[in-house]
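Structure first, then comments.
Throughout, read-outs are computed from the coordinates displayed, never taken from laboratory work. Predicted model, so just to flag it, every value in this text is computed and none were measured. Virtual Cβ from ideal backbone geometry, glycine too; neighbours counted across all protein chains shown.
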Amino acid sequence: MKATAAGKTSFRAVKTQVPNESAGQDRMDLLLFHAMKHKPARLERPLLAILLTTLVSLVLAGCQTETRSVSTAPYSEPHRLQYHFSQPANWMNDPNGMVYYAGEYHLFYQYYPEDTVWGPMHWAHAVSTDMVHWENLPVALYPDDLGYIFSGSAVVDWSNTSGFGTGGQPPLVAIFTYHDPEKAKAETHDHETQGIAYSNDKGRSWTKYAGNPVIANTEKQNDFRDPKVFWHAPSGKWVMVLSAGDHMELWGSPNLKDWHHLSDFGRGLGAQGGVWECPDLIHLPLAGTGESRWVLIQNINPGGPHGGSGTQYFVGQFDGTRFTLDPSFAEDLREEGAVWLDQGRDNYAGVTWADVPEEDGRTLFIGWMGNWDYAQEVPTHPWRSAMTLPRKLTLHRTPEGLRVFSQPVEELQQLRVVEREIAPMTVPEGDPVRVALAFPAFQCELLVRFKLPASGSTDFGLEVSNSKGERYRIGYSATTGEFYSDRTQAGDASFSETFARVHRTPRISEGEVIELHLFFDRASCELFADGGANVMTDTYFPSEDFDQLRFYSNGGSVEVVGGQAWPLKGIW
């Protein structure tokens, strides 16, 4: 390493094994990173000072080795993500009831407390002040005589239209699907209905409405679920978007208790290879214009872009009763069949937070980092699943049409320990260049820029690997004009015949620079490219952590223009 301006450091690229660093800044950064990563959430300052002093002493004494014992303590098990939300143990899937109130982001989620596979669904609960650090709270909603508690949403009833509020304070109201397992087994076709519950103590306790269900399944639809509710000011009512098998239904209510059907949308449109689930209807300004559009997010399983689960969306207008496609987006659907929010395989059931303050102005999204093709078989214990990074959604007009961009929220930057500059370099054909990191490659953020090669047959990117010969590659193919995620050699894939594959998505942006914004976290990678127009979320399960990073290029050399890298602190 060499010191540079502003206290930053440039990476030294080597083609041979990098020896242990001498007692210096790089080693110190690494030890400090591990101290931050493993410290308890409420570690007292004197104890932390003693720990850091001990680490400094080890460095000054010329300590040249570091050992990491295998731990089964909560949040330190193999494959456990360190800066993504996951439950302490057992099964988790869809995010639910996402609402901001009184300084807290609420995240409820589908949860089965008895096993690491799907079972009778509950709503578990966590809160955060920044969408990054989370406090696990007791289970919020339990199954009852009406059924399991399936997915749904929550809102702040600011005007107390429901009458549930007390003491002049607005209540939180949760809207969810009841799934009656006995009716489902009997094939009565009316086993899913909609219920509500309310809270007057910031979501810490909930009372189910005595009049549940508030929407019966009179049409006897097998899949009738996942209500997402918002207040539509122009029409002065609550609006619900509800999945109904192969389409969506819109419902209206003055008080969250009495609902009437407004319209349907989606039959014969978009991807139709599976059941439509977990919808969301959001209003977004069109960047660079004074215009706006409505975006209807619709999750589907199966039928995703690479098999199993996926999240598609539609762009149009909503008049308080009907959602209609924008004409240009309708043309895109005729050409492409569907437009996807994430081109990886492990972002599903994502929806947005309700009641984000107007002064914030962001539309904030999080998804379940899983795919129903294999989510119940992945090799993790004693938990299964995690959430994606929280993201900001924006709408842009691109050469390909109207597109929703996703970017990681700025709050994640507080996890950065120290910024390192990635120096410009040439990556020769077929000879990967190892980048000597002063911190683990498996828990970091990278922003890397490549110059698009003159040769149209070059394939280049980044590779994380371990001493077992396992590797994961994420890069760009100039031959096809596509970003790709390759987990064919990324470790254990024995649990699924469809897991070890390459996933691709066409580039949208133009210009000579290809930028990859990457987040690696033990067993996952999230790519944000094209300024957020292209996103890929994939998981993997190496037999040991990917601690090495290389740049590679095939079919010709490639120039790394430069970039930045940051080790990221854990949140637990």
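Within region 324-344, is there a residue that is within 21 Å of Ala124 (Cα to Cα) and touching a residue at least 40 places away in the same chain (Cβ under 8 Å)? Write out each step before concluding.
Just the residues of region 324-344 that are within 21 Å of Ala124 (Cα to Cα), to begin with: none.
No: zero hits.
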Looking only at region 257-289, and only at residues there that are touching a residue at least 60 places away in the same chain (Cβ under 8 Å) and among the polar types (S, T, N, Q), the one that is surrounded by the fewest Cβ atoms within 10 Å (Cβ to Cβ): Thr289
Criterion first (of a type outside the set (Val, Ile, Thr), assigned to a loop (DSSP other than H, G, I, E, B) and touching a helix residue (DSSP H, G or I) at 6+ places or on another chain (Cβ under 8 Å)) does Ala438 satisfy it? yes
Out of everything in region 371-389 that is in a loop (DSSP other than H, G, I, E, B), under 13 Å from Asp94 (Cβ atoms) and not aromatic (Phe, Trp, Tyr), what residue ends up being farthest from the chain's Cα centre (by Cα)? Ala375
Okay, strands (runs of 3 or more DSSP E) sitting entirely in region 516-572 with 1 or more residues that are surrounded by fewer than 21 Cβ atoms within 10 Å (Cβ to Cβ), among the β-branched types (Val, Ile, Thr) and more than 17 Å from the chain's Cα centre (by Cα), I get 558-567
Within region 400-409, does at least one residue satisfy the condition of being surrounded by 21 or more Cβ atoms within 10 Å (Cβ to Cβ), closer than 19 Å to Leu568 by Cβ, touching a helix residue (DSSP H, G or I) at 6+ places or on another chain (Cβ under 7 Å) and not β-branched (Val, Ile, Thr)? yes
When region 303-324 is checked residue by residue, the ones that are crowded, with 18+ Cβ neighbours inside 10 Å and over 30 Å from Phe499 (Cα atoms) are Val315, Gly316, Phe318, Phe323
Under 27 Å from the mean Cα position of the chain (by Cα) and of a type in the set (A, V, I, L, M, F, W, C): is that true of Ala184 in this structure? no
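Picking from Arg345, Arg391, which residue would you name as being charged (D, E, K, R) and touching a His at 6+ places or on another chain (Cβ under 6 Å)? Write out each step before concluding.
Values: Arg391 fails: touching a His at 6+ places or on another chain (Cβ under 6 Å).
The match here is Arg345.
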Only one of (1) over 20 Å from Phe108 (Cα atoms); (2) touching a helix residue (DSSP H, G or I) at 6+ places or on another chain (Cβ under 9 Å) fails for Lys392. Which number is that? (1)
Mind listing whichever residues of region 447-504 are at positive phi and surrounded by fewer than 21 Cβ atoms within 10 Å (Cβ to Cβ)? Gly469, Gly481
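Going through Glu497, Glu526 one at a time, which residue ends up being over 27 Å from Leu393 (Cβ atoms) and of a type outside the set (A, V, I, L, M)? Show your work before the answer.
Values: Glu526 fails: over 27 Å from Leu393 (Cβ atoms).
Being over 27 Å from Leu393 (Cβ atoms) and of a type outside the set (A, V, I, L, M) holds for just one of Glu497, Glu526, which is Glu497.
Out of all the residues in region 202-221, is one or more in a helix (DSSP H, G or I) and surrounded by 14 or more Cβ atoms within 10 Å (Cβ to Cβ)? Spell out how you get there, then give the answer.
Going through region 202-221, the residues in a helix (DSSP H, G or I) turn out to be none.
Checking region 202-221: not a single residue is in a helix (DSSP H, G or I) and surrounded by 14 or more Cβ atoms within 10 Å (Cβ to Cβ).
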